[in-house]
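Data first, discussion second: the structure below is written as structure tokens.
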Amino acid sequence: MKIISFHRSTPFRDILADLQSHVAEPDDKQPWRCFEDLSCLCVNAQVYARHQSHFNRYPATVEENVTISVHSEEEIPWGVRYVGAERLWKRGKGEGVKIAVIDTGISRDHFELRDRIKGGINLVSGRRNGHGTHVAGIIVAEMNQRGIVGVSPEAHLYDVRAFGADGKSSLAIILRAINWAIENKMDIINMSFGMPQYSEALARVVEKANRQGIIMVASAGNNGGAVEYPARYKGVVGVSAIDQNGKLAKFSSRGKGANVKAPGVDILSTWPGNQFRTLNGTSMAAPHVTGLKALELSRSRKRKG
């Protein structure tokens, strides 16, 4: 698949009408997916190859449908108390704030999560892995005298499953996932994933979310070097990982785009099968910040109300 971002000054509907009449063939099954307000198309690779010269008539950025990976590390084992959530709960626990978790899927029957998940969408097939469930627990694990408690235990979580069991997705699916969050009026989007290269299409959908007032939080990456995208985009809160001593974890990406730091080493959270597991990674740091943003948003709404 090719991701084509046409020049913003070119009327996108005119381009689409032209392509529809000259490129699409009767036997093509969904030759492209259109993000009209982004001036972007996700084009079937075979269709693009057959008609590349026609597509090239228009100024555009053409990108590969690159692989995007969740940011996680192998097991090792701490966080809610460190970020001061207990003190903040006196003024609310994130009630009613809508958070989309774009990840590998969430175990909806986990006793810590089942009443907090209010909806979502499944954009990939196959079995889940535990990454999304772990991220979810850090944000909303319930205050029920069992197991653990999340940073914002009364927030509403939406399970946007965009990654397979191998922790891989594609740019086209991530565009759909963020667009779903926008269309369904999420307040916050948690993105514990990234890729090293800049994408014009991804930048545009991030801009669109920002215009809608959506708070976007993303993990910085686990390469020990430069911050990855989408954390590096303007308008996204990029989160690096620290240990129990407040020191930046060796694996954590750092520098431009790393706006804040949060616990990401030895983090205990929910795991499929009503279990708990300890993980490391900036994937674990980002949901701590997402939870704090939910507490902050909930408090501001109460003051206005």
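The values are calculated or read from the model by the stated rules, or taken from the named source; none is laboratory data. Fair warning: this is a prediction, and the values are worked out from it, not measured in the lab. We place every Cβ from the backbone using ideal geometry, glycine too, and count neighbours over all the protein chains shown. Each accessible area value is taken on the protein alone, full model and side chains, heavy atoms only, with ligands, DNA and RNA left out. Shrake-Rupley method; radii C 1.70, N 1.55, O 1.52, S 1.80 Å.
Per-structure values
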quantity	calculated
Extreme residue, surrounded by the fewest Cβ atoms within 10 Å (Cβ to Cβ), among residues of the range 161-173 that are in contact with a helix residue (DSSP H, G or I) (Cβ under 7 Å, 6 or more places away or on another chain) and more than 21 Å from Phe276 (Cα to Cα)	Leu171
Flag if Phe251 is surrounded by fewer than 23 Cβ atoms within 10 Å (Cβ to Cβ) and either modelled with pLDDT of 95 or more or under 20 Å from Asp103 (Cβ atoms) (or both)	yes
Answer from Gly291, Gly281, Gly238, Gly264 - the residue that is at positive phi and among the small types (Gly, Ala, Ser)	Gly281
Residue within the range 227-234 that is part of a helix (DSSP H, G or I) and under 21 Å from the mean Cα position of the chain (by Cα) present	no
Members of the range 1-21 found to be open to solvent by 40 Å² or more (accessible area, probe 1.4 Å) and within 12 Å of Val43 (Cβ to Cβ), listed by number	Met1, Lys2
Conditions (1) within 14 Å of the chain's Cα centre (by Cα); (2) open to solvent by 70 Å² or more (accessible area, probe 1.4 Å): number failed by Ala100	(2)
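Table: residues versus (1) in a loop (DSSP other than H, G, I, E, B); (2) open to solvent by 50 Å² or more (accessible area, probe 1.4 Å); (3) not basic (Lys, Arg).
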position: Asp109; (1), (2), (3): yes, yes, yes
position: Gly119; (1), (2), (3): no, no, yes
position: Arg127; (1), (2), (3): yes, yes, no
position: Thr133; (1), (2), (3): no, no, yes
position: Ile138; (1), (2), (3): no, no, yes
position: Met143; (1), (2), (3): yes, yes, yes
position: Gly150; (1), (2), (3): yes, no, yes
position: Arg176; (1), (2), (3): no, yes, no
position: Lys185; (1), (2), (3): yes, yes, no
